[in-house]
């Protein structure tokens, strides 16, 4: 069973629908500690700001059980968009500490006034796979839909799973052991998102 | 790298999909969910859904239906129609809409659009510019009957610099639903007055027309109406989408 963590952030229906589309039906949207306690995968969605996300996680009362499942039981976890940023230690966007499961921080895109690039980075973009991983296998052109103003910077290069280019080359997927993160929205990225969700469900 | 885009632009009457010709004679097309499922299969880049009756009938957006459609979209989803309060923007984004298109609101309450740009970012707000020829001159004229007093270039300047929209759609009303071909020359001319990404719609008749428009005018995206819902000109309803490789070379 995949538990999508319900902490009051955004509409996750398209995530559930995409899992269904690739034949994964055992997906629940929950903040129930007993359910999170026995699921075999965790998906952490999220839109909005970093502090708001951390406060909602606290209010939902799920941080302790998430720490146990991810760090002790080693259950595979996938953070999407803000959900990936929350896996880091901190963010330029706020003052709350993150979950800190990955030795990384979340930084704001900074472009000079002469730059034609807008913030947020919004739209389709290609990604480049870096290190071997269990979510996306062979290297081939893949594009995903992005909406974000902040990006994750890892301390350890080995945690960088894929990068994309927007003014700078930035980390768009992370992986360390059972912990995965994607900055883009797989649920809005057609077959590329389906491939990722399907492979996650098989971990 | 900016990736060129092609997307269906669906017209909704609050209950079902319809298609008009130069804003007139709405013909019944079918259920949006069915269409969205087919566009998922076709892997369209984005989807635009416009409730063309909401403003005219003084209705709010049909949030229940929009939630259902956003949940079904495996691609970015743009909604427009009947948005008249800041709460409407908030609600649409919370339902999983990526971008909100505004048109009449730019005439009735431009300050609200400015506030939406401030709150949600320019990338989330699309300014829709409908234009047609009237007595030999180009005028901005939308479905609800609002017209802009100045030139279309002045209007584009206003949308970008006073309002701050992140994207502009140019819709050629004379060509809407006519299959007479995109007006490449006009699009090229209009692009001179715009810095933000531009989507153009109105008159597309085949994949080659779309490809030529994307690569010869410099426009970022083409939206299609009739081509996405009819078999051919003057033929029956068929939810479809041209093969990507015939339109986009990456």
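Where a number appears in this text, it was derived from the coordinates with a stated rule and is not lab data. None of these values were measured; they are calculated from a predicted model. We place every Cβ from the backbone using ideal geometry, glycine too, and count neighbours over all the protein chains shown.
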If the elastic network links every pair of Cα atoms under 10 Å, which of B:51, B:31, B:183 fluctuates the most in the Gaussian network model of chain B?
B:31
In nm², what is the average projected area of the convex hull enclosing the Cα atoms of segment B:95-141?
4.0 nm²
Please check: in the Gaussian network model of chain B (C-alpha springs, under 10 Å), which one of B:89, B:12, B:63 has the largest mean-square fluctuation.
B:63
Highest-fluctuation residue, B:58, B:37, B:132 considered, GNM on chain B with Cα pairs under 10 Å
B:58
Provide the descending list of Cα extents for the protein assembly as shown along its principal axes, expressed in whole angstroms.
74, 47, 42
At 7 Å along Cα-to-Cβ for each site, give me the label-to-label distance between residue B:237 and residue B:133 in nm.
3.3 nm
Helical mean residue ellipticity (222 nm; -39500 (n - 2.57) per DSSP H run of 4+; nearest 500) of chain A
-6000 deg cm²/dmol
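Classify chain B as rounded, prolate or oblate from the Cα gyration tensor: take a ≥ b ≥ c as the square roots of its eigenvalues, call it rounded if a/c is under 1.5, otherwise prolate when a/b beats b/c and oblate if not.
Numbers: a/c = 1.31, a/b = 1.06, b/c = 1.23.
Rounded.
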Residue-averaged 222 nm ellipticity for chain B, from DSSP H runs of 4+ at -39500 (n - 2.57), nearest 500
-8000 deg cm²/dmol
Rounded to whole angstrom, the alpha-carbon centroid of segment A:54-89 lies from that of segment B:181-195 at a distance of 48 Å
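For segment B:14-62, how big is Rg over Rh, using alpha carbon atoms and the Kirkwood form of Rh? Intermediate values should be presented prior to the final figure.
Details: Rg = 12.2 Å, Rh = 12.2 Å.
On the Cα set of segment B:14-62, Rg over Rh gives 1.00.
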Centre separation in Å (Cα based) which lies between segment A:109-135 and segment B:228-249:
32 Å
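Taking 1 over the mean of 1/r across every pair of different Cα atoms in segment A:2-201, what Kirkwood radius in Å do you get? Show your work: numbers first, answer last.
Details: mean 1/r = 0.0596 Å⁻¹.
Computed over Cα pairs of segment A:2-201, the Kirkwood hydrodynamic radius comes out at 16.8 Å.
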Full-extension gain between residue A:177 and residue A:117, please, as 0.36 nm times their residue separation minus the C-alpha to C-alpha distance.
18.2 nm
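Return the FRET efficiency for the residue pair residue B:180, residue A:202: r is the Cβ-Cβ distance, R0 is 45 Å, and the value is rounded to the nearest 0.05. Intermediate values should be presented prior to the final figure.
Values: r = 50 Å, r/R0 = 1.11.
That pair, residue B:180 with residue A:202, gives E of 0.35.
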Take the alpha carbon atoms of segment A:142-203, find their center, do the same for segment B:1-73, and report the distance between the two centers in whole angstrom.
30 Å
Quick one: A:139, B:175, fewest Cβ neighbours within 10 Å first, how do they rank?
A:139, B:175
